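See structure below.
The values are calculated or read from the model by the stated rules, or taken from the named source; none is laboratory data. Note that this is a predicted model, so its numbers are computed, not measured. All Cβ positions, glycine included, derive from the backbone under ideal geometry; neighbour counts span all protein chains shown. Surface accessibility is based on the protein's heavy atoms, side chains included, excluding ligands, DNA and RNA. Shrake-Rupley method; radii C 1.70, N 1.55, O 1.52, S 1.80 Å.
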Amino acid sequence: MEIIFTKDKYWLEKWDNFVQTNDKGSHLILSDWLRSYESYNFDFEVCLCLENDLIIGGYGAVIAKILFFKFYVVPYGPIVASGHENDLNMLIGNVPERAKKLKACYSHITLPFSSVLNSHVYTDLPEFDSLRDVNQGHIFKYVYSSNGLNWVDLKGFDDEAKIMSLKSSIRRNIRSSYRKGLDFEEIETKDKIKEGYQLFIENSKTSNYNIRGWDEIKECLFALLEKNVLKMLGVYKNKELKGAILLLKTGNYFTYILGGSKKEIPDLRTGDFLQWEAIKISIKNSFDGYNISLGGSKGVVEFKNSFNTEQVLFENSKFHWVLNPFIFKMYLIFDQYMKPYKKKIAKILSMVKI
């Protein structure tokens with residue numbers, strides 16, 4: 001068994017394929033996603049656990065730098081191939097050791113463990129030696145980490161069986177959306193991807209939340225599109241874009257990342273239309289579920305949950321190490337002092353998931 005830390009193109013391609021095909025994989029540790037943090041002058045690397053030159057596990061890390069403070073952040077994982085769960089202990093232990101070598105003052109991980117049975121998470125967190133002296137939770141908040149899955153179960157369903165499993169009010173909303181003269185399109189050109197993303201930006205401003213600017217994320221999105229990871233779905237009326245959602249495919253399922261719509265009276269119900277299309281595409285791909293994602297406003301959460309979701313929360317799965325207490329204490333003082341400017345900092349460093 002061999003451990004390597006790398007940004008070599010050959011190994012990054014191997015790693016991305018491992019993340020894509022491993023049920024525990026997440027878009028948060030794809031190389032293109034990690035690389036997107038370079039627009040904030042952060043760095044990244046992947047740690048690979050190799051056996052006979054085959055990847056059997058690893059993690060992706062963002063190396064965040066703010067002034068002279070350095071943080072080593074694993075936004076999701078480590079993950080391992082089936083049958084190698086015992087190697088998680090070794091990989092977890094590698095995180096703070098690597099962070100120390102890079103002179104980071106702090107490091108954290110998010111383990112995809114849950115008490116809810118689901119093939120895309122680990123269950124029954126063992127008492128790993130590597131977690132014996134670790135601290136619960138995250139203190140450094142400027143790199144997004146997942147809190148779990150919002151799972152739409154698709155096992156054994158075809159389109160008709162799935163829609164009939166929903167409440168009658170939801171079925172009516174979906175079917176109503178298809179009677180409004182909307183044209184559906186899987187968006188695949190760069191110009192239309194940009195148009196869809198601009199709609200996301202407009203919605204984020206209206207609803208008062210932050211997402212990355214187009215120039216900061218476009219190269220990541222185009223790379224994921226080229227690799228068949230990204231799927232943007234759009235609806236048009238009279239050739240005008242009325243709504244769009246962004247999906248990413250990893251771990252053998254799609255995750256809903258962002259959405260946006262034009263406000264119309266009467267309501268075109270583009271959200272119902274597009275989320276149902278995402279479910280249909282997931283069924284077409286023979287996926288066992290769809291991650292409609294956690295979070296959002298009260299109305300958004302209620303809308304997502306109307307698709308009969310099951311929350312698969314990562315419980316007691318976020319851990320951190322303070323590696324240089326003096327430097328980290330200085331960071332905490334700095335962070336406290338900067339509280340009045342946190343909204344601007346958050347926008348610059350992207351606390352959100354995209």
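With helices defined as uninterrupted DSSP H runs, which ones in the chain have an alpha carbon span along their own long axis of at least 30 Å and mean Kyte-Doolittle hydropathy of at least 1.0?
On the way: long enough: none.
Passing helices, by number: none.
Taking the Cα centre of the chain as origin and charging only Cβ (+1 Lys, Arg; -1 Asp, Glu), how large is the dipole, in debye to the nearest 20? Provide the component values of the computation, followed by the final result.
Working: 48 positive and 43 negative charges, 342 e Å.
Roughly 1640 debye, rounded to the nearest 20.
Specify, per residue and in Å³, the volume enclosed by the convex hull of the alpha carbon atoms belonging to segment 1-73. Don't skip to the end; give the middle numbers.
Values: hull volume 6.3 nm³, N = 73.
Given the Cα convex hull of segment 1-73, per-residue volume reads 86 Å³.
Using per-residue counts of other Cβ atoms within 10 Å, averaged over each peptide, order 301-307, 285-291, 206-212, 244-250 from highest down. Walk me through the numbers before you get to the answer.
Numbers: 301-307: 16.1, 285-291: 19.6, 206-212: 14.4, 244-250: 24.7.
Ranking the peptides 301-307, 285-291, 206-212, 244-250 by packing returns 244-250, 285-291, 301-307, 206-212.
At a temperature of 37 °C and a viscosity of 0.692 mPa s, determine how fast segment 139-196 diffuses translationally according to Stokes-Einstein, using the Kirkwood radius over alpha-carbon pairs as Rh; express D in µm²/s, rounded to the nearest whole number. Kindly include the intermediate steps, with their values, before the conclusion.
Numbers: Rh = 15.7 Å.
My calculation gives 210 µm²/s for D.
Can you give the net charge of the other residues whose Cβ lies under 11 Å from the Cβ of residue 152, counting K and R as +1 and D and E as -1? Write down the numbers at each step before the final one.
On the way: positive: 155, 162, 304; negative: 153, 288, 310.
Overall, the nearby charge balance is 0.
Below 17 Å, Cα to Cα, which aspartates and glutamates can residue 180 reach? Residues fewer than 8 away in the same chain don't count.
Those aspartates and glutamates meeting the cut-off are 240, 264, 267, 272, 277.
Within segment 134-176, what whole-number % of the accessible surface is contributed by carbon and sulfur, with the 1.4 Å probe and all protein chains included in the calculation?
Numbers: 1000 of 2060 Å².
C and S fraction of accessible area: 48 percent.
How would you rank 118-126, 74-82, 185-193, 42-50, highest first, on the average number of other Cβ atoms within 10 Å across their residues? It would help to have the intermediate numbers written out before the result.
Numbers: 118-126: 15.7, 74-82: 22.9, 185-193: 14.0, 42-50: 20.9.
The densest-packed peptide leads the list: 74-82, 42-50, 118-126, 185-193.
Quick one: which residues, 5+ away or cross-chain, put their amide H under 5 Å from the amide H of residue 187? H built at 1.01 Å from N.
232, 233, 234
Give me the log10 of I(q) over I(0) for the chain at q = 0.06, 0.07 Å⁻¹, as the Debye formula computes it from C-alpha points; what are the numbers?
Per q value, in the given order, log10 I(q)/I(0) is -0.22, -0.31.
Cα centroid distance between segment 180-250 and segment 127-148, in Å?
32
Sorted by packing (mean other beta-carbon atoms within 10 Å per residue), highest first, where do 257-269, 94-106 land?
Values: 257-269: 16.9, 94-106: 19.2.
By packing density, highest mean first, the sequence is 94-106, 257-269.
Output the pairs from 190/263; 205/237; 280/318; 162/218; 141/242; 167/237 with a Cα-Cα distance over 29 Å in this structure; if there are none, say none. Write down the numbers at each step before the final one.
Details: 190/263 24 Å; 205/237 23 Å; 280/318 33 Å; 162/218 34 Å; 141/242 34 Å; 167/237 27 Å.
Distance filter (> 29 Å) returns 280/318; 162/218; 141/242.
Full extension from residue 164 to residue 127: what is 0.36 nm times the residue separation minus their Cα-Cα distance, to one decimal in nm? Show your work: numbers first, answer last.
Values: separation 37, 0.36 × 37 = 13.32 nm, distance 4.28 nm.
In short, 9.0 nm is gained.
Quick check: Cα centre of segment 67-96 to Cα centre of segment 301-337, how many Å?
Spelled out, the Cα-based centre of one part sits 16 Å from the other.
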